[in-house]
Each structure stands twice: as C-alpha cells, then as structure tokens.
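Here's the structure we're looking at; comments come further down.
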Amino acid sequence: MSKGQLIAFEGIDGTGKSTQIKLLADYLRAQGREVVETREPTDSSYGRRIRELYVNRSTCTPEEELELFIQDRRLHVQELIAPALATGSVVLTDRYYYSTAAYQGASGLEPAEILARNNFAPKPDLVILLTMPPELSAERIRIGRGEQPNAFEQLDALRKTAAIFAAFTDSCICRVDATQSVSAVHEQIQHVWNELSKNAPC
C-alpha cells in the first residue's frame, strides 16, 4: 500500500476508547500491518496547555481554547499523521476533529464552523464513534477510574457533547454501543475494520 489508513476513535469520556485502540492495534499487528497509535491532545506545547484546562477552563475563552486544539492538530498532522500515512501505516488516533467540534461546540461554538476550520487535516477512512448515556459515562469516570470528573467531564457538558456527536452524519462514522462488554465492542470494531479492508462501506 502506498497510502495508509486513518482511523479515529471518538466519543464522550469513559467510553473505553483507549482500551479499544490497544485491542485493534494488537489485532492489526497480528495481520502484519504497521500500526501507529496516537492521541489528541498531543504532547506538544499546545497539548500541554490544553491539559492545564482540564483543571480550570476559565483561564481561556472558548475561541482561544479552540485555537489551541487547531494548532495542536496542525502539528500532529505535519509531524506524525501525514508521514505515517505516506508510508502505508494504519494510524489509530484517540480523538480527532470530531471531538473538537463536539466538545467546543458544547461550549457554545458552532460545530460546523469548527469542522470547516479543520479542513487541513486528513479525512479519516473510518471513525469509530463509541456511544453510551452520559450518566453512565460520568459514573465510569468516578467509579471505574476512581477520579473526579475534570472540567470537560461534568455531566451537563457531557450531555451537550453527546448530543452533538449524535448529530454527525458523515458516511465514515460507525457508531458502536460502548455499554457492551469490552470483548463485544472489540468484535464489532474488528468486523467494521474487515469490511473497510474489503473496500465495503462502513
């Protein structure tokens, strides 16, 4: 392959994106594919600034926050995603521009405008959108992780974010019910990948 494939894992917090990325990466490597696992925000200076907002989002306006995400993604595309795709790797990213549209959209910005501002980023071949009720997501964060929800994980914000995710209609998006067992979710994602590999629509 001269061009790799980009798979983005999206969804509100607590849906198990990191777990499912690891499982799919292992599955793909067993098939002999080169796999690059990555995430957003990255570890760039922009990404580190974004993580500071987890504690206190009031230090930035929604517009400034959005600009941080866009600049972080520009670096991510230039330094990792585009080069990996050019060598034929499968890139699995934990969050991409749909998350920015959903989370910053929940802060009052226009999701369609956010997506338009990300037109420099490669379109994913597949988006795995993990879904679950926001109430369960918040419970998983508190009990499963043993953490207090951060500034992006408050229940009201999760509800608004989930509603925006639910409104996306791009054909590359495949919704997977994340309330199932880890193995059931993985099997469904595996099936979606196999269909994509045969050039079938997801």
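Scanning residues 5 or more positions from Val91 or on other chains, those with amide H under 5 Å from its amide H are Gln5, Leu6, Ile7, Val36, with H placed 1.01 Å from N in the peptide plane. Each residue of the stretch 137-142 is assigned a 3J(HN,Hα), and the resulting list reads 4, 4, 5, 4, 4, 6 Hz, derived from the Karplus form 6.51 cos²θ - 1.76 cosθ + 1.60 (θ = phi - 60°), x at Gly and Pro. Between Thr19 and Lys123, full extension at 0.36 nm per residue minus the direct alpha carbon distance yields a gain of 35.1 nm.
Extension gain for Thr179-Glu139 works out to 13.2 nm (0.36 nm per residue, less the C-alpha to C-alpha distance).
Dividing the summed -39500 (n - 2.57) terms of all DSSP H runs of n ≥ 4 by the residue count of the chain sets its mean residue ellipticity at 222 nm at -13500 deg cm²/dmol. For the chain, the relative contact order is 32 percent, taking Cα pairs closer than 8 Å that sit 6 or more residues apart in sequence and dividing their mean separation by the residue count.
Over the stretch 5-197, the hull volume per residue, using the convex hull of the C-alpha atoms, is 111 Å³.
Under the combined filter of DSSP loop state and at most 15 neighbouring Cβ atoms within 10 Å, the stretch 1-56 retains these chymotrypsin sites (Phe, Trp or Tyr not before Pro): Tyr54. Within the straight-line cut-off of under 23 Å between alpha carbons, the lysines reachable from Lys22 are Lys3, Lys123, Lys198, sequence neighbours fewer than 8 places apart in one chain being disregarded. The gain in end-to-end length when the Ala86 to Glu110 segment is fully stretched comes to 5.4 nm, 0.36 nm per residue minus the alpha carbon separation. Distance between the pseudo-spin-label points of Glu195 and Cys60 (7 Å out from Cα toward the beta carbon): 3.6 nm. Taking the Cα centre of the chain as origin and assigning +1 to Lys and Arg Cβ atoms and -1 to Asp and Glu Cβ atoms, the resulting dipole is close to 320 debye.
Find which of His191, Pro111, Ala25 sits farthest along the positive direction of the dipole of the stretch 5-197, computed with +1 on the beta-carbon of Lys and Arg, -1 on that of Asp and Glu, about the Cα centre. In the stretch 5-197, that residue is Ala25.
Since every read-out is calculated from the coordinates, none of them should be taken as a lab result. The model shown is predicted, which means the values in this text are computed figures rather than measured ones. Note: ideal-geometry Cβ built from the backbone for every residue, glycine included; neighbour counts use all protein chains shown.
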